[in-house]
Amino acid sequence: MLTDTHRMTAYHDAIMKNQHVFRDKVVMDVGSGSGILAVWAAKAGAKRVYAVEYTDMAKHARKVVEANGVDHVVTVIQGAVEDVTIPVEDWEAFNLQTEEGAAAAKECPADDDDDASIPCKQQPSKVVDIIISEWMGYFLLRESMLDSVIRARDMFLKPKSGILLPSHATMLIAPIMNEDQHHMVIEEYLEGMNDWNDYLVNAKKQYGVDMSILTEEYDKEQRDYYLKSSHYVQLDDDTILAPPSVVKTLDLAVCTLEDAKGVDETEFSFDIESSGSGADDEEEINGFAGWFTVDFQSRTDEVGKQFGAKMTNPVHFSSSPEIGDTHWGQQAFYFPSAIPIQSNGKVKIDGTMEMIRSKDNARLYNVKLQYTIGAAAADGLNNVMDMVESVYKIP
């Protein structure tokens, strides 16, 4: 995050250009990392900031907080946000309040073997006004912390007036022309298989062992890696062949853990025209690319519109090719083979996209694409391909 100026600027502007939202508020930074968002929140006037970080980065965050003179406002808590409790001493020290007006924390009655200093989990905890988090993963959801942010919201955020930053997220896909890398991916697969075939010959000739029984499994492994996985790319704006299609939107104030599981089957349609630059210039469609945008704005749900703080200076962030390089880049889903675009011709792609959480790892996803491709040439001839179905792992 620290070296990505696009996302650093987005978070900085969302906080520092809306200091009226942070002034005298309680903030929770979920997945705080280096602690920089927590520091900005404190500098924007927050009265208390909880920087929650699961990893040992929490040790570095404490140093950053202290070095920037905000350790009297920011407390770094190492642990999973699902296991965090608001420190009992903070209720009085920082005049913590729930929306119902509860302003006192009680300690658990001690059983014979219990420690009375551990706060009761049943006590009021929804005292946070703002949750900030850099939770997004590749293509928004891959290895994201969205589940943790939703759980933190439900545990700690004031339900009527509390806000999340970012507040909204959108996933998009579009067809792309990225022939150099597409061809390179296919070439690497073919080279891998050629190397395997050479190895089979040598193993048989030099060592008298027939290894060909493993060819099918080896080929599957290579196909899964090169042809049935998405690829991280940093695309130029001119590689996008049609306006993107939205496949999912999230309102962080109301979305659920079910929403975080993926993308339901969603339709898309793209009309792609030849640039008309001449028959000598070959054009082709190499696949789809996926990326996301997030917004830092006021709440748009009915309750939030009435009670939530107003972000008078909203901020928009995009990981699309037109923005330039970002940490997230884009995910490319390459076709098994490129689709040519005839000079002065048109191609129409209609289909659906579905994104499903992996059964083996809840932080990983598979993308299922089903589509038909229709081509219209300059002479009026039309050709519609059969339905294509491809499933890609997002590695």
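What's the angle, to the nearest 10 degrees (0 to 90), between helix 179-207's Cα axis and the longest principal axis of the chain? Around 70 degrees separate the two axes.
Labels on offer are (1) 66, 59, 42; (2) 63, 59, 54; (3) 75, 58, 36, and the one holding Cα extents along the principal axes in Å computed from this structure is (3). Rounded to the nearest 10 degrees, the angle from helix 215-226 to the longest Cα principal axis of the chain is 60 degrees.
Among Gly290, Gly162, Gly304, the residue with the largest mean-square fluctuation in a Gaussian network model of the chain, with springs joining Cα atoms closer than 10 Å, is Gly304. Considering only alpha-carbon pairs that sit under 8 angstrom and 6 or more positions apart, the relative contact order computed for the chain is 16 percent.
The angle separating the long axis of helix 5-16 from the principal Cα axis of greatest extent in the chain is about 30 degrees. Among the protein heavy atoms of the chain, carbon and sulfur supply 48% of the accessible surface, probe 1.4 Å, non-protein parts ignored. The amide H of Ser229, built 1.01 Å from its N in the peptide plane, has Lys393 as neighbours under 5 Å, considering only residues 5 or more places off or on other chains.
The values are calculated or read from the model by the stated rules, or taken from the named source; none is laboratory data. Predicted model only: the values in this text are computed from it and were never measured. These area figures cover heavy atoms from the full protein model, side chains too; ligands, DNA and RNA do not enter into them. Shrake-Rupley method; radii C 1.70, N 1.55, O 1.52, S 1.80 Å.
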